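Structure record follows, encoded as structure tokens.
Please treat every number below as a calculation from the coordinates, not as lab data. None of these values were measured; they are calculated from a predicted model.
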Amino acid sequence: FMDSEFQRWWRLNYRPNIERDTPLPVLIAVHEHKVIGFIGFVVLGNNRRDNFNPGTGVDVRYRNRGIGKVLVSVWINEAKAMGAEKCLISTGINNYPAQRVYYGRGFKNVGECCGLVKSANSTRSIKT
């Protein structure tokens with residue numbers, strides 16, 4: 001499960017970063033040679049002051065063990081070391097477990113966003 005989720009995330013969000021002059025890191029949690037958690041880095045704009053996390057996840061079989069807390073904490077520390085002044089992260093509006101992790105690491109809610117999905121027949125708005 002996690003391996004396929006990580007691979008999909010990697011292709012969509014992170015792979016373009018490895019083509020940068022200075023690639024940005026991705027942190028992974030591994031258990032018995034399998035990826036069980038991940039978190040990545042993307043810089044917003046032309047500088048490194050704002051660091052955005054485009055994806056994070058922990059395999060459902062390994063949740064509630066503190067893995068997400070460790071990944072987010074390390075991500076924050078690494079972003080600071082890279083010179084980031086802000087760390088931005090988003091999650092689903094009803095993803096309370098992730099929100100607890102983020103609030104516990106000092107993040108504050110800055111509002112809701114609206115994701116748009118276009119199907120072949122319609123456009124609909126989904127709160128995230």
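Brief remarks on what is shown
- Between V74 and T22, residue separation times 0.36 nm minus the direct Cα-Cα distance comes to 16.8 nm.
- Length gained when the stretch T91-R63 is fully extended (0.36 nm per residue, less Cα-Cα span): 8.5 nm
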